[in-house]
1. Taking the options Leu479, Leu462, Leu419, Leu432, name whichever one is away from the ligand (no atom under 16 Å from the Cβ) and at negative phi.
2. Tally up the residues in region 438-459 that are crowded, with 24+ Cβ neighbours inside 10 Å and more than 8 Å from the ligand (Cβ to nearest atom), please.
3. State whether the residues of region 119-138 include one that is open to solvent by less than 60 Å² (accessible area, probe 1.4 Å) and within 26 Å of Asp284 (Cα to Cα).
4. With over 30 Å from Arg349 (Cα atoms), assigned by TED's automatic domain parsing to the domain that holds Tyr363 and crowded, with 23+ Cβ neighbours inside 10 Å as the only criterion, which of Val329, Val261 stands out?
5. Say whether the condition of being more than 16 Å from the chain's Cα centre (by Cα), open to solvent by less than 50 Å² (accessible area, probe 1.4 Å), modelled with pLDDT of 95 or more and under 23 Å from Leu85 (Cβ atoms) is met by at least one residue in region 185-201.
6. Would you check if there is a residue in region 315-334 being of a type in the set (Gly, Ala, Ser), part of a strand (DSSP E or B) and in contact with a His (Cβ under 9 Å, 6 or more places away or on another chain)?
7. Scan region 36-54 and tell me whether some residue there is assigned by TED's automatic domain parsing to the domain that holds Asn220, within 15 Å of Phe204 (Cβ to Cβ), modelled with pLDDT under 90 and buried (at least 17 other Cβ atoms within 10 Å of the Cβ).
8. With the requirement that a residue be open to solvent by 10 Å² or more (accessible area, probe 1.4 Å) and more than 24 Å from the chain's Cα centre (by Cα), what does region 1-28 give you?
Amino acid sequence: MTGELNGAHYDCIVIGAGMSGMAAAIRLAMFERRVLVVERHNAAGGLNSFYSFDGRKYDVGLHAMTNYAPPGAKGLPLIKILRQLRLSRDDLDLAEQMGSRIAIPGYSLSFTNDFAVLESEIERAFPSQIDGFRRLVEHLKAFNETALDIQEQSAVAVLSEYLSDPILVNMLMIPVCYYGSARENDLDFSQFVILFKALFLEGFARPYEGVRVIIRALMNRYRELGGERKMKCGVREIITENGHASRVILDDGSEVTADKVISSIGYAETLRLCSDQPGDAGRDNTGALSFVETITVLKQQPSDLGWKDTIVFFNDSETFDYRRPKNLVDDRSGVICFPNNYRYSDGRRLEEGFLRITALANYDRWATLEDTEYQSAKQEWYERLQRRALDFLPPPRVRQKEHTTPPMVAHKAQARFVLTEQTAAQDMFTPLTITKFTGHLGGAVYGAPNKVKSGRTHLDNLYLCGTDQGFLGITGAMLSGISMANLHVLGAGS
Ligand SMILES: Cc1cc2nc3c(=O)[nH]c(=O)nc-3n(C[C@H](O)[C@H](O)[C@H](O)COP(=O)(O)OP(=O)(O)OC[C@H]3O[C@@H](n4cnc5c(N)ncnc54)[C@H](O)[C@@H]3O)c2cc1C
């Protein structure tokens, strides 16, 4: 069987239409390279996509676009992306977060896109640590986290040099790990710097219509530039000859060739496509960390129920254990997100309320379940995560009778009832969902524990971009695609 593209030759083939692959492809098309994007799924976006279910559109992934940059800011990652892809701020329609929190029993640190808020919260909650924290921030600001040749360091070890209180170290690790660590209980310090800047120094924003706005902007730009793409058809194999990717075989049997190939699908996943590699290639560098996420559609705006946070990073003790759980899910820590709680312009409000809860999960445990067990495990963990989230949220405000004001505050026992009553629809995805729709082994959202910062592989014309090159999240993935395209196809490294 051969398909319509059989025999075609490209300057570059990009594998995967996620954020990094699309950004790389746009960059190349801008410089008049003949580019083909090949995507196995029917939709672009990869780990950060959306789907329709029961007449509603749900985002997969997007809690927040990190790395917010206000109009007029200079030199920040978001500004670089807009400039390099020739996108305008209006294309992304970004609204800033209202305010987020890191919460553990007895401690709460609020933060917004104004870094001074976090600084003053640390001064209030950890007065003995504020000088060390300020010195740490100076160190982070001066650190060149994008250099390709930096020596690895443990982030926990570096933080402990500046902060003597392990509770504060743990509290800072919770959001950073949840938003990007592919390693258990630690991460490389340069990754920590990338994430700390992205989360705290720059901050969170969201387009009113969610991630599809970003995907649409990228697809439109690519289309305008005349870029070609092949959807619903993956790359089945990369035929290698003498350390070179000589041909690419697509799922429909087409054989295409390219001077260069950029793969955004992951390190081990890419190696396993290569004809000169064993079927378990890269097994010593595959990620173990995956997640479940519940999505609850609320009948009211979360703020009407008294839930005004944008994002809450929670942990149920002073010790933070970020690793693959033994159980299906670890509900001791997680992330609560209310996509409604952004400052949308012109007073716009999302039509419905949304509550999303993310927690660590074990891919292998989910993979062993039979279909009925899988469905009941989903329901059980959905309910457990809802209950857990209520421990870290203010009790919901309820109106006992219509027109009764002021609203009554629900007691703890009532809170669960209120949440159930306020639920208009629910869904949940598991590590298996992630693998099914993105091909990431083990449902590992943040990919391989050891990043390949140079983007180089064992083949002289095959490169990596995206999650396993070293930059994470929507903004990070786009930056990775741009920088790998610049370095290996357009620029000096090619
Ligand atoms: C639950 C969850 C929550 C998240 N929350 C946020 C958030 O709030 N903010 C944020 O910034 N980031 C978030 N992320 C992370 C963010 O989505 C990713 O870091 C980013 O999208 C990675 O992009 P990528 O291009 O590197 O990889 P991917 O998105 O994985 O793109 C790879 C693409 O390759 C395709 N593919 C795989 N195999 C093949 C093949 N053989 N042939 C062709 N195509 C193939 C896949 O279908 C996919 O489209 C979240 C992710 C998840 C899953």
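The values are calculated or read from the model by the stated rules, or taken from the named source; none is laboratory data. Small disclaimer: the values here were computed from a predicted structure and weren't measured. Glycine gets a Cβ as well: all are built from the backbone with ideal geometry, and neighbour counts include every protein chain shown. We work out accessible area using only protein heavy atoms, side chains counted, and drop any ligands, DNA or RNA first. Shrake-Rupley method; radii C 1.70, N 1.55, O 1.52, S 1.80 Å.
1. Working: Leu479 fails: away from the ligand (no atom under 16 Å from the Cβ); Leu462 fails: away from the ligand (no atom under 16 Å from the Cβ); Leu432 fails: away from the ligand (no atom under 16 Å from the Cβ).
After ruling out the rest, the residue left standing is Leu419.
2. Residues flagged as crowded, with 24+ Cβ neighbours inside 10 Å and more than 8 Å from the ligand (Cβ to nearest atom) within region 438-459 amount to 5.
3. no
4. Details: Val261 fails: assigned by TED's automatic domain parsing to the domain that holds Tyr363.
The match here is Val329.
5. Scanning region 185-201 turns up at least one residue that is more than 16 Å from the chain's Cα centre (by Cα), open to solvent by less than 50 Å² (accessible area, probe 1.4 Å), modelled with pLDDT of 95 or more and under 23 Å from Leu85 (Cβ atoms).
6. no
7. Yes.
8. Correct list: Met1, Thr2, Gly3, Glu4, Leu5, Asn6, Gly7, Ala8, His9, Asp11.
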